[in-house]
Each structure stands twice: as structure tokens, then as C-alpha cells.
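A quick write-up on the structure given underneath.
The values are calculated or read from the model by the stated rules, or taken from the named source; none is laboratory data. These figures come from a predicted structure and were not determined experimentally. With ideal geometry, Cβ positions are generated from the backbone for all residues, glycine too; neighbour counts draw on all protein chains shown.
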Amino acid sequence: MKKSAISNFLRKLGLIYYADWIMFFAQKRKNKIINKEFLLQNPGIQLPPDYLIYESFQINYAKYFTDSRETAVWLNDHFKKYIELKSKRILDWGCGPGRVIRHLHSVINNNCEFFGTDYNKSAIEWCIENLKGINFNNNSLTAKLDYDDGFMDVVYGISVFTHLSEQLHFDWYNELYRILKPGGIMLVTTQGDNFKVKLTISELSKYNNGQLIIRGNVKEGHRTYSAFHPKEFMRKLFGNVEILEHVITNPENGKSWLPQDVWIIRKNIIET
């Protein structure tokens with residue numbers, strides 16, 4: 001049976017959370033030795049609790065730390081093509097336990113201010129306690145952030161829309177647009193065409209017709225709540241702005257990991 005069919009079957013039975021917890025403990029057990037070695041070799045590195053790591057990545061401490069820094073460098077390379085990263089305010093929307101923003105802070109610096117926000121209260125509490133020099137706050141799933149209009153120069157969300165309903169796509173986009181400064185840029189990643197292999201036949205038919213595919217029956221925002229994004233839907237979502245770039249990266253042979261699409265937009269300087 002195809003994995004997508006199994007996933008949907010487990011959702012209908014209300015068992016997807018239990019399956020996810022089994023995966024969590026399996027990963028934790030599998031990486032127990034190498035994670036212990038990482039801690040011994042890097043006693044000064046602060047890492048969040050295992051489940052917070054699992055929610056945002058995978059329980060491999062070395063990969064969590066080094067891959068996250070590579071992601072920060074990757075973001076910096078994208079940002080600087082479209083905006084001068086000097087004395088700017090930069091927001092990690094859906095920052096989780098600060099996986100990327102902790103490194104972006106040191107990768108960019110240049111008198112920039114860094115912010116992180118997430119609906120996971122435990123993740124934000126850990127960030128506030130352990131990641132200094134970054135401004136964190138806890139939001140709810142409701143699309144409302146405690147920032148003034150036009151406050152941010154750069155906003156990014158790594159695999160956040162991938163865990164939201166269709167209505168919250170529009171609600172959150174409007175809220176992020178509100179806090180983005182005119183001329184500011186936004187970068188988000190989505191599960192695009194690379195993920196068509198994960199869809200059932202009926203889901204694929206809807207996807208090919210430009211419909212957002214949602215796999216719910218779990219708490220919205222959780223890692224098991226999943227959305228798949230056809231290009232037509234994203235262009236509709238970004239209908240009021242300039243799309244600077246849409247990047248599709250081909251999957252690497254032999255790897256199960258599928259690259260998400262990257263969308264970069266710029267807020268209009270003059271509202272139309």
C-alpha cells in the first residue's frame with residue numbers, strides 16, 4: 001500500500017499522532033549513540049529538548065546544528081539578492097526552537113534586529129531562555145502578530161504554510177503582508193510538484209487542477225497536519241505582489257528527502 005494511503009487511513013482512525021510518536025521514539029533510539037558523542041564533543045552548544053528538535057527537524061544533533069546553519073547561509077544568499085541586509089528587521093515566522101534564526105543572527109549581523117515567533121509556547125520559552133540577542137514572542141494559530149504595520153524588512157517561513165488550512169493560508173499571508181515594510185521581501189517554502197509522488201490518485205487530480213491539498217484530522221499547525229501547494233494556488237495567494245522568484249529544486253538521486261519550493265515576493269512600495 002502506498003504511504004500516502006496508509007497516512008490517510010491512520011488519520012481517519014485517529015491514529016496518526018500515535019504513529020508519529022512511534023517515529024519519534026524510533027529516531028531517538030536510532031541516534032542515541034551519535035547524539036551522545038555530539039554532546040561530549042560540543043559541551044557548549046545549547047540544544048532544545050528532543051521532541052522540539054523532532055518537530056522542527058530530526059533527532060540527529062549534529063545534522064540539526066550544522067544543517068540549520070547551512071540553511072541560514074542559504075537564506076542570506078537569497079535575501080541579499082533583493083535587499084541590502086544592513087540595519088534591517090528580520091522575522092522568522094514559525095521559528096520553532098530557533099533552529100535557523102540562532103544562526104542567521106551570526107551569519108548576517110550587520111546591525112540587523114532579529115525576531116522569532118511561533119505558536120508553540122514550549123519552543124518560545126526555550127528560545128527566550130537559551131538564545132540571547134533575538135526577540136521572541138508566542139502567537140496563536142489565529143493570524144495576529146504583535147508588530148506594527150510595516151515593521152519588518154524581511155519575513156521568512158520555512159515549511160510553515162505546509163501545516164496550515166486553506167483559510168489560514170490567506171489569513172496569515174494578509175497578516176505577514178501587513179507587518180512587512182513597503183519594498184520588503186518575504187520568503188516561504190511549500191510542498192510543491194516534488195511532492196506529487198506522495199499524493200493519492202484523488203488528491204493528485206485535485207492538485208493538478210490547482211487546488212490546495214490538505215491532510216487534516218489532526219491539530220492544525222502540528223507536523224502531521226500537511227498541505228500541498230500547486231503553483232496556481234500560490235500565484236493566487238500572492239496575487240497582490242511581485243513574485244521575485246519561484247525556485248524548484250530537483251530531488252537528489254537516492255535520497256528520500258524532497259526539496260520544497262521556494263517563493264520570494266516583494267511588497268509593493270506604492271499600494272495599488
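The table below lists the values:
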read-out	value
Only listed residue being charged (D, E, K, R) and at pLDDT below 95, chosen from 121, 132, 88	132
Given (1) assigned to a helix (DSSP H, G or I); (2) without any contact (Cβ under 8 Å) to a residue 40 or more places away in the chain; (3) surrounded by 16 or more Cβ atoms within 10 Å (Cβ to Cβ), index of the condition residue 232 fails	(3)
Checklist (1) in contact (Cβ under 8 Å) with a residue 24 or more places away in the chain; (2) assigned to a helix (DSSP H, G or I); (3) closer than 17 Å to residue 39 by Cβ; (4) of a type outside the set (S, T, N, Q) applied to residue 59, failing item	(2)
Residues satisfying the stated conditions in region 158-210, i.e. more than 24 Å from residue 73 (Cβ to Cβ) and part of a loop (DSSP other than H, G, I, E, B)	164, 165, 199, 200, 209, 210
In region 70-124, the residues that are of a type in the set (Asp, Glu) and either surrounded by fewer than 20 Cβ atoms within 10 Å (Cβ to Cβ) or assigned to a loop (DSSP other than H, G, I, E, B) (or both)	70, 77, 84, 113
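Conditions (1) crowded, with 16+ Cβ neighbours inside 10 Å; (2) in contact with a His (Cβ under 7 Å, 6 or more places away or on another chain); (3) touching a residue at least 12 places away in the same chain (Cβ under 8 Å), marked per residue:
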{"position": "208", "(1), (2), (3)": "no, no, yes"}
{"position": "215", "(1), (2), (3)": "yes, no, yes"}
{"position": "224", "(1), (2), (3)": "yes, no, yes"}
{"position": "237", "(1), (2), (3)": "yes, yes, yes"}
{"position": "242", "(1), (2), (3)": "no, no, yes"}
{"position": "259", "(1), (2), (3)": "yes, no, yes"}
{"position": "267", "(1), (2), (3)": "yes, no, yes"}
{"position": "270", "(1), (2), (3)": "no, no, yes"}
